[in-house]
Amino acid sequence: MSPEEAAVSKAKVIITTRDEAGIVNRKGVVMMLDTELEKYPAIAKAKILRSIIGDQAADDQLVIGIDPGSRIGISAMYLHQEIASTVESSPQDAIDQVSAMLGGIESHKKVVKIGDGNITMARNIARMLKMKFRDHVNIEIVDEHGTSQNADANKRGARDRSSARTIAFRSGKSFILK
């Protein structure tokens, strides 16, 4: 066995191209396409974390905090690690980003917590996500009062990301689709 074959045989995660993905066919190996790293790095991070920690993770819940507003902050926590901290400029872009994480990350419990600072946008985002994922995701509307007081006002988007992170750790009221 060559050194390259030995390294591949011990690998837990393999990053490859679509053309070469069929070469490795083993159970217990996480296969990731190089394009996944570019388009949805949070999903790639989650897959890598999952492969490192394995099935021993008792609490593998995915929690996503959203700070709605003119800039929409998003923070995603998985296996006690922040795997995403981004700012989106439109509600649809935020919904697309969160939907990709909800659909692409393996987790026993998925929770999306949305701040109530812009309640109309919060309810719209909640409704769209609930319609798409139904009972596979719990959605909460969170009181976001005081979430931005510790963030640096001079860094563009830093306040939105920080607020989203704080929202992810707060309890809220369950959003019920009517």
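The values are calculated or read from the model by the stated rules, or taken from the named source; none is laboratory data. Computed from a predicted model, the values in this text were never measured in an experiment. So basically every Cβ, Gly included, is an ideal-geometry build from the backbone, and we count neighbours across all protein chains shown. Please note that ligands, DNA and RNA were not included when accessible areas were found on the heavy atoms of the full protein model with its side chains. Shrake-Rupley method; radii C 1.70, N 1.55, O 1.52, S 1.80 Å.
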Exercise for the section: Only strands (runs of 3 or more DSSP E) wholly contained in the stretch 59-101 count here; list those with 1 or more residues that are open to solvent by 50 Å² or more (accessible area, probe 1.4 Å) and not aromatic (Phe, Trp, Tyr). Expected result: 81-88
Practice task
Go through the stretch 102-120 and give me each residue that's closer than 21 Å to Glu38 by Cα and in a loop (DSSP other than H, G, I, E, B).
Solution key: Ile105, Glu106
Completion exercise
Across (1) open to solvent by 50 Å² or more (accessible area, probe 1.4 Å); (2) of a type in the set (Val, Ile, Thr); (3) at pLDDT below 75, Val30 clears everything bar (1)
Practice task
Go through the residues of the stretch 37-54 one by one and say whether even a single one is hydroxyl-bearing (Ser, Thr, Tyr), open to solvent by less than 40 Å² (accessible area, probe 1.4 Å), at pLDDT 75 or above and closer than 18 Å to Ile105 by Cα.
Solution key: yes
Practice task
Please tell me if Arg170 is at pLDDT 95 or above, of a type in the set (Lys, Arg) and in a loop (DSSP other than H, G, I, E, B).
Solution key: yes
Exercise for the section: Scan the stretch 102-125 and give yes if some residue there is at pLDDT below 95, among the hydroxyl-bearing types (Ser, Thr, Tyr), under 15 Å from Ala42 (Cβ atoms) and open to solvent by less than 30 Å² (accessible area, probe 1.4 Å), otherwise no. Expected result: yes
